[in-house]
C-alpha cells in the first residue's frame with residue numbers, strides 16, 4: 001500500500017473520527033499474570049503459594065536485596081547463599097539473566 005491509498009486514508013479518517021474511549025486500547029500481556037507454582041526449593045525463597053510471573057520476580061529481588069546478595073561493584077551479579085544454591089545447582093555467583101533461567105526450572 002502506498003501513502004496515497006484511498007482505502008487506507010479512509011480507515012485512518014474513520015479511526016480519528018472515533019472518540020478516544022471507543023478506539024482500540026493497548027492490552028496487557030497476560031502471560032505475566034499467569035499463576036505459577038514454585039517447587040520446594042523455590043518455595044523456601046518466595047513462599048509456597050502460587051504467584052504470577054511478575055510477583056515471582058518481585059519476591060525474588062526482595063529476597064536478594066534483603067540478604068544483600070547483589071554484588072556492590074556489578075549490580076547484575078548475584079552472590080549465591082545456601083538457599084539460592086539449591087536453585088542454581090551450586091554456582092557461587094550468577095548473573096541476573098542466568099538466575100532467571102535457573103528459577104524458571106523450578107516453577108510449574
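Since every read-out is calculated from the coordinates, none of them should be taken as a lab result. These numbers come from a predicted model, not from an experiment. Note: ideal-geometry Cβ built from the backbone for every residue, glycine included; neighbour counts use all protein chains shown.
For region 21-69, build the convex hull from the C-alpha positions and give me its volume per residue in Å³. Mind showing how you got there, number by number?
Values: hull volume 4.9 nm³, N = 49.
Enclosed volume per residue, from the Cα hull, is 100 Å³.
Give the dimensionless ratio obtained when the Cα radius of gyration of the chain is divided by 2.2 N^0.38 Å.
Ratio of Cα Rg to 2.2 N^0.38 Å: 1.71.
Under the rule of -39500 (n - 2.57) per DSSP H run of 4 or more residues, summed and divided by the residues of the chain, what mean residue ellipticity at 222 nm is obtained, to the nearest 500 deg cm²/dmol? Intermediate results must be reported in sequence, preceding the final value.
Values: 5 runs with 49 residues, N = 108.
The helix contribution divided over the chain gives -13000 deg cm²/dmol.
Which of 61, 26, 76 comes first, and how do the rest follow, when ranked by fewest Cβ neighbours within 10 Å? Walk me through the numbers on the way to the answer.
On the way: 61 15, 26 4, 76 12.
Arranged by neighbour count, lowest to highest, 61, 26, 76 become 26, 76, 61.
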